[in-house]
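Peer 1: Okay, handing you the structure first.
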Amino acid sequence: MKLQNSGKLIAAITGLFALGNAFAAPTVTRLNPPSALFTYADATPPYISRFLPAQRFDLQATIQADAGKTITSVVFKVNGSPVTAAVGASAITSIGGDKFSATIRGYSNSTAGVKTLVVEATQSDSLVATGTGNFEIASITLNAGRKAKNIIWLIGDGTGIAHRTAARIVSKGASLGKSNDPLAMDTLPVTGIVTTHSLNSIVTDSAPGAHCYSTGNKANNGQEGVFPDDTTDKWDNPRIEHMGSYLARTQGKWLGIVTTADVEDATPAAFAVSTQDRGAGTGICDMYLDEAVLNHNLRVLMGGGRKWFLPLDGSAGAGSGRVNSSTATGGDYVVPADVQAGWSVPAGSVDPNRNLIADFQTAGFYYAPDLAGLNAMTGSETKLLGLFNSGHMDVSYDKIAYRRSSTVASGSLIATYPNQPLLEEMTDKALTVLSKNANGFVMMIEGASIDKQAHNMDTERWVHDAIEFDKAVAKCIAFQASNPDTLIIVTADHECAGINIIGGSTVTDAALQGTAVGSLKGIVGTYDNAKFPAYTIAGDGYPTTMDVDYRMIIGYAGNSDRYETWRSSPSYNVSPQARNTTTGYLVTGQQPGTGVQSAVHTASDIPLSAGGRGAAAFTGVFDNTDAFFKAMQAAIGGSK
Ligand SMILES: [Zn+2]
């Protein structure tokens, strides 16, 4: 446009601006709980957010005010009725950029049905912004039969259908077309197929992948116990009540969390913690004591992650990983006043020199640093903390090798933590503690490194951990035999690495070791050349060796680059791009990931097996969040 008319132009622009100003208005840019109605103006099912009658959750809205204006009042209405917050449990917070976040904490609704949620936000110039969404209060059929007194979730992290098949071929074998024996998880009578998408992607990570089972709702990747918001604060997100808290509050149940990962990791934390940052280890571990012991009746916490429990000043020994900040990676937690009031939780604080183990002991927990500590239990303990490694526990392949021949895998921490328990041993002790509660318990048991070693395309180590996981399943099935009011659910949070069994080796292990790099692809026997790879099981229940003649061959659809030898690697957790570079042949990745654990999750459905009280509901194809409601129907309403 030519400038000679600049005067007029400026007048026009000013006029437009004034017009714009005349038409500017505050807008609601986010409304929690998330809904298709708010995001897409779609009021039809499936309803994105669903809750149990009386399950608590937060209402939250983000409002974009006009420049320089403030939001002076906010009203949330459910089906037209204004929601009244408990004292101190609501807030309107300026979050920068003329944006405001309004919350009502700890809301609940006891009447089943679909609810319309409207937020009305008034600006300082009395302009009003509104937003409309919906959520569903699920109906629970009461007195529908005997209730599940105990609920046991067994989550094989990343364990898709092929991970199961591989574990069965190695640990049970197959011949003449039939498996010689089933896995323990195969013996559970009910099977379902679960869809795994998270709130913000078809491919989930473990945080929403477990959050869905513990809250019945979706979350963004990397977030647990919460819905997404518009602040960088890790601890102010809108919360959803966990199964453990709900059943502690309404039925006096106890909660147990057992994992082979660092206990700050996503799957365990999703059962008791509320944060938008799954990596905030200091705060996550403090929240276990300050909130979960308080409100969820957390009575058993076992896994790795000791570093988060040691004071930073070294007063309880070296190796602390605590972080002196609430914003940095690994950070500590401080929750806003409205969260404290709405959820009856303490403020928290940045306390790097906190001795969390001592605080757990003060709260009555028996502390076990290793298997010997577990075995020294008298059996009368009613609270158990077990921290068996600084970070993630070492994997069963290396734990068993050490037990058998004192072999210490390079890259592992076996030398520092020589007496780490196996998952079945942890499960045993957890059941002993939790079964003391007459009101029953909820427990989550995770086989974590099936996922981590699948990410690393370390076939031998993830297969071995899938076998370890199945032994923990067997422990729970044995428990159920004498405790029939127990519901067992065996599933995963997602599939990891796009694994499948593509064949069997056509050569002996000796021949394989002598095979030139350029010929390694050629030893893969497909179709009938796969035959029946045969492994032997030692007295300790694990494969005598994974390097058998004519071994099973695994392929990876979610792969990054790797050098493949088809043999076990003596070293643990070495990047696939740095492992076997001279002895293996390059299998080029389909995605650009690099480094340790660089193969990726997939969006495929996963299998679920269930047995016991209420298990029949877990059949068919259903969303991961549905599993929560099926389990809660069993615990609250019962089943035939
Ligand atoms: Zn993973």
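The values are calculated or read from the model by the stated rules, or taken from the named source; none is laboratory data. Quick caveat: nothing in here was measured; it's all calculated off a predicted structure. A quick note on method: Cβ atoms are made from the backbone with ideal geometry, for glycine too, and the neighbour counts reach across all protein chains shown. Please note that ligands, DNA and RNA were not included when accessible areas were found on the heavy atoms of the full protein model with its side chains. Shrake-Rupley method; radii C 1.70, N 1.55, O 1.52, S 1.80 Å.
Peer 1: Out of all DSSP beta bridges in the chain, what portion is antiparallel? Express it as a percent rounded to 5. Walk me through the numbers on the way to the answer.
Peer 2: Details: 66 of 104 bridges.
About 65 percent, rounded to the nearest 5.
Peer 1: Give the cross-link partners of Lys99 among the aspartates and glutamates, using a straight C-alpha distance below 13 Å as the criterion and excluding same-chain residues fewer than 8 apart.
Peer 2: Counting by Cα, and skipping residues close in sequence, Lys99 has these aspartates and glutamates nearby: Asp66, Asp229, Asp230.
Peer 1: Over segment 229-292, what portion of Cα pair distances is larger than 16 Å, expressed as a whole percent? All intermediate terms of the calculation are to be shown ahead of the outcome.
Peer 2: Numbers: 946 of 2016 pairs.
In whole percent, the share of Cα-Cα pairs in segment 229-292 beyond 16 Å is 47.
Peer 1: Does anyone have the angle between helix 459-482 and the longest principal axis of the chain? Alpha-carbon axes, 0 to 90°, nearest 10?
Peer 2: Result, in degrees: 80.
Peer 1: Ok, one more. What is the angle, in °, between the Cα long axis of helix 6-23 and the longest principal axis of the Cα atoms in the chain? Nearest 10 is fine, range 0 to 90.
Peer 2: The angle comes out at about 80 degrees.
Peer 1: Sticking with this one: Looking at Phe629, Pro576, Thr39, which one has the Cα that reaches farthest to the positive end of the dipole of the chain (charges on Cβ: Lys, Arg +1; Asp, Glu -1)?
Peer 2: Phe629
Peer 1: Related question: Rounded, prolate or oblate for segment 316-383? Axes are the square roots of the Cα gyration tensor eigenvalues, ordered a ≥ b ≥ c, and the cut-off for rounded is a/c under 1.5.
Peer 2: Oblate, since a/c reaches 1.5 and b/c is not below a/b.
Peer 1: I need the calculated FRET efficiency for the pair Ser73 and Leu312, taking r as the beta carbon distance and R₀ as 45 Å, to the nearest 0.05.
Peer 2: After rounding, the FRET efficiency stands at 0.55.
Peer 1: Taking all protein chains in place and a 1.4 Å probe, what share, in percent, of the accessible surface of the chain do carbon and sulfur account for? All intermediate terms of the calculation are to be shown ahead of the outcome.
Peer 2: Details: 12810 of 23350 Å².
Ligands and nucleic acids excluded, carbon and sulfur reach 55 percent.
Peer 1: Let me ask something else about it. Add +1 for every Lys or Arg and -1 for every Asp or Glu among the other residues with Cβ under 12 Å from the Cβ of Val273, and state the total.
Peer 2: Charge balance near Val273 sits at -4.
Peer 1: Right, next: Ranked from the most accessible area to the least, with a 1.4 Å probe and all protein chains present, what is the order of Lys383, Lys147? Numbers along the way, then the final one.
Peer 2: Working: Lys383 45, Lys147 100 Å².
Of Lys383, Lys147, the descending order of accessible area is Lys147, Lys383.
Peer 1: In whole angstrom, how far apart do the alpha carbon centroids of segment 46-61 and segment 66-85 sit?
Peer 2: Centre-to-centre distance over Cα atoms comes out at 18 Å.
Peer 1: I'd like to compare 129-138, 276-285: which one has the highest average count of other Cβ atoms within 10 Å, and what's the full order after that?
Peer 2: Packing proxy ranking, top to bottom: 276-285, 129-138.
Peer 1: Per residue, how much accessible surface does segment 500-600 expose to a 1.4 Å probe? Answer in Å², no decimals.
Peer 2: Heavy-atom SASA per residue in segment 500-600 reads 48 Å².
Peer 1: So, one more: Taking the Cβ of Ala43 as the center, what net charge do the other residues with Cβ under 14 Å away carry, scoring Lys and Arg +1 and Asp and Glu -1?
Peer 2: Spelling it out: positives minus negatives among the neighbours equals -1.
Peer 1: On to the next question. At what distance in angstrom do the alpha carbon centres of segment 373-408 and segment 487-554 lie from each other?
Peer 2: Using only Cα atoms, the two centres lie 28 Å from each other.
Peer 1: How large is the dipole of the chain about the Cα centre if only Lys and Arg carry +1 and Asp and Glu carry -1, each at its Cβ, rounded to the nearest 20 debye?
Peer 2: 900 debye
Peer 1: May I ask for the angle, rounded to the nearest 10°, between helix 423-434 and the longest principal axis of the chain, with both axes built from Cα atoms and the value confined to 0 to 90°?
Peer 2: Roughly 60 degrees between the two axes.
Peer 1: Anything over 23 Å Cα to Cα? Flag those among Lys77/Lys630; Lys307/Lys383; Lys172/Lys531; Lys147/Lys475, in the order listed.
Peer 2: Pairs exceeding 23 Å: Lys77/Lys630.
Peer 1: Here is a follow-up. Give me the 1.4 Å probe accessible area per residue for segment 278-366, excluding ligands and nucleic acids, in Å².
Peer 2: On a per-residue basis, segment 278-366 sits at 33 Å².
Peer 1: Something else: Which aspartates and glutamates have a Cα less than 14 Å from the Cα of Lys429, not counting those fewer than 8 places away in the same chain?
Peer 2: Within the straight-line limit of under 14 Å, Lys429 reaches these aspartates and glutamates: Asp370, Glu381.
Peer 1: With charges set only on the Cβ (+1 for Lys and Arg, -1 for Asp and Glu), what does the dipole of segment 500-600 come to about its Cα centre, in debye to the nearest 20?
Peer 2: 180 debye
Peer 1: Sticking with this one: Per the helix-only calculation at 222 nm, which mean residue ellipticity applies to the chain, given -39500 (n - 2.57) for every DSSP H run of n ≥ 4 and division by its residues, nearest 500 deg cm²/dmol?
Peer 2: Here the helix-only value at 222 nm equals -6500 deg cm²/dmol.
Peer 1: Does the chain come out rounded, prolate or oblate, given a ≥ b ≥ c as the square roots of the eigenvalues of its C-alpha gyration tensor, rounded meaning a/c under 1.5 and, failing that, prolate meaning a/b above b/c?
Peer 2: On the way: a/c = 1.81, a/b = 1.50, b/c = 1.21.
Since a/c reaches 1.5 and a/b is larger than b/c, the shape of the chain is classed as prolate.
Peer 1: If you roll a 1.4 Å probe over the heavy atoms of the protein chains, what accessible area per residue do you get for segment 25-137, in Å²?
Peer 2: 41 Å²
Peer 1: Right, next: Would you please give the residues with an amide H less than 5 Å from that of Ser198, counting only those at least 5 places away or on a separate chain, with H modeled from the backbone geometry?
Peer 2: Val203, Thr204
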